[in-house]
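Data block below; observations after.
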Amino acid sequence: MILFVFMFVLMSCGRTDKPATRQFNTDEVYFNYSISAEEGDDNLTVLIRFLMGENDEAIPVPEGASVMLDDEILKPDSSKKAGTFYEVHKPITSFTGKHSITYTDASGKQYKHEFNFQPLVLSTYVPDTVQRQDLQLELLGLEEEDYVRILATDTAFYSEGINRLDTVKNGQLSISVDDLGKLVNGPIQLELNREYEIPVENGMGTGGKMAITYRLRREFILKD
């Protein structure tokens, strides 16, 4: 009896219950593409995943299928946390313009998504010291009407800072003196993010999306 209990415990400890990996099903696959870049970095990152549902696990494509960025065939990678993914790094300066991501299934049918990448450029010079008054900024690389998230923090523990999504028309972005009133005098970290999503219309059963983010930062001293 004691031996039986010992063997049962040993077998239970040695068993690991791993969730079964779901198979590629064209009726359920969700195309998840992202491009992330930051001013000051030489390269941007293109990340491609195929999900079984928008918020589900990333799965490998079937044998005989392929994934391409423009004319380059990409090789898969994987991790326990992220699942199977395709990741490639490209120089930001040469990536500006039109591109395509193409999934080709084993039968040769193609699902092609074309997009245009434009880096966010702050053409306004931000001095080392900024007076507490309206701060007018001009941005390039945006649509006629676009959206940019403003993040600004100081060194005070109690300060709420600035964190909002703002509408930008014709590249003009204003940080008002009232906005700056949320910050204390001293070192300021300013971050501008262009973050938007576009649908992957030429997808499979559940479609897909592409998320594009571009971040730039400035530092200055705020004073009255």
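What to note about this one:
- One residue alone among Ile150, Ile162, Ile198 is of a type in the set (Val, Ile, Thr) and in contact with a Phe, Trp or Tyr (Cβ under 8 Å, 6 or more places away or on another chain), and that residue is Ile198.
- Scoring Ile101 on the criteria (1) open to solvent by less than 60 Å² (accessible area, probe 1.4 Å); (2) of a type in the set (Val, Ile, Thr); (3) closer than 29 Å to Ile188 by Cβ leaves a single failure, condition (3).
- Glu197 vs. criteria surrounded by fewer than 17 Cβ atoms within 10 Å (Cβ to Cβ), farther than 23 Å from Thr93 by Cβ, out of contact with any strand residue (DSSP E or B) (no Cβ under 6 Å at 6 or more places or on another chain) and of a type in the set (Asp, Glu): no
- Some residue of segment 159-172 being more than 24 Å from Val121 (Cβ to Cβ), out of contact with any strand residue (DSSP E or B) (no Cβ under 6 Å at 6 or more places or on another chain) and modelled with pLDDT under 95: yes
- Scan of segment 53-77 for residues that are farther than 20 Å from Ser107 by Cβ and not acidic (Asp, Glu), ordered by number: Gly53, Asn55, Ala58, Leu69, Lys75
- Scanning segment 91-103 for residues that are more than 20 Å from Lys209 (Cβ to Cβ) and part of a strand (DSSP E or B) yields Pro91, Gly97.
- Pairs where the first residue, in segment 66-82, is over 15 Å from His99 (Cβ atoms) and open to solvent by less than 40 Å² (accessible area, probe 1.4 Å) and the second is modelled with pLDDT of 90 or more and charged (D, E, K, R), C-beta under 8 Å, 6+ apart: Ala82/Arg49
- Of all residues in segment 22-51, none satisfies the criterion of being open to solvent by 10 Å² or more (accessible area, probe 1.4 Å), touching a residue at least 60 places away in the same chain (Cβ under 8 Å), out of contact with any Lys or Arg (no Cβ under 9 Å at 6 or more places or on another chain) and not in a loop (DSSP other than H, G, I, E, B).
- Every listed requirement among (1) more than 30 Å from Asp71 (Cβ to Cβ); (2) without any contact (Cβ under 8 Å) to a residue 40 or more places away in the chain is met by Leu140 save one, (1).
- Residue in segment 141-186 that is nearest to the chain's Cα centre (by Cα), counting only those that are open to solvent by less than 40 Å² (accessible area, probe 1.4 Å) and small (Gly, Ala, Ser): Gly141
- Sole exception among (1) open to solvent by less than 70 Å² (accessible area, probe 1.4 Å); (2) at pLDDT 90 or above; (3) not acidic (Asp, Glu) for Ser12, by number: (2)
- Qualifying residue in segment 208-222 (condition: among the hydrophobic types (A, V, I, L, M, F, W, C), closer than 27 Å to Ala156 by Cα and open to solvent by 40 Å² or more (accessible area, probe 1.4 Å)): yes
- Criterion: under 26 Å from Arg215 (Cα atoms), open to solvent by 20 Å² or more (accessible area, probe 1.4 Å) and in a loop (DSSP other than H, G, I, E, B) - qualifying residue of Pro62, Pro119: Pro119
- Residues in segment 166-207 that are in a loop (DSSP other than H, G, I, E, B) and within 21 Å of Thr155 (Cβ to Cβ): Gly181, Lys182, Leu183, Val184, Asn185.
The values are calculated or read from the model by the stated rules, or taken from the named source; none is laboratory data. What you see is a predicted model; the values in this text were computed from it and never measured. FYI the Cβ positions are ideal-geometry reconstructions off the backbone, even for glycines, and counts take in every protein chain you see. For the accessible areas, the whole protein counts, side chains as well, though only heavy atoms, and no ligand, DNA or RNA atoms are used. Shrake-Rupley method; radii C 1.70, N 1.55, O 1.52, S 1.80 Å.
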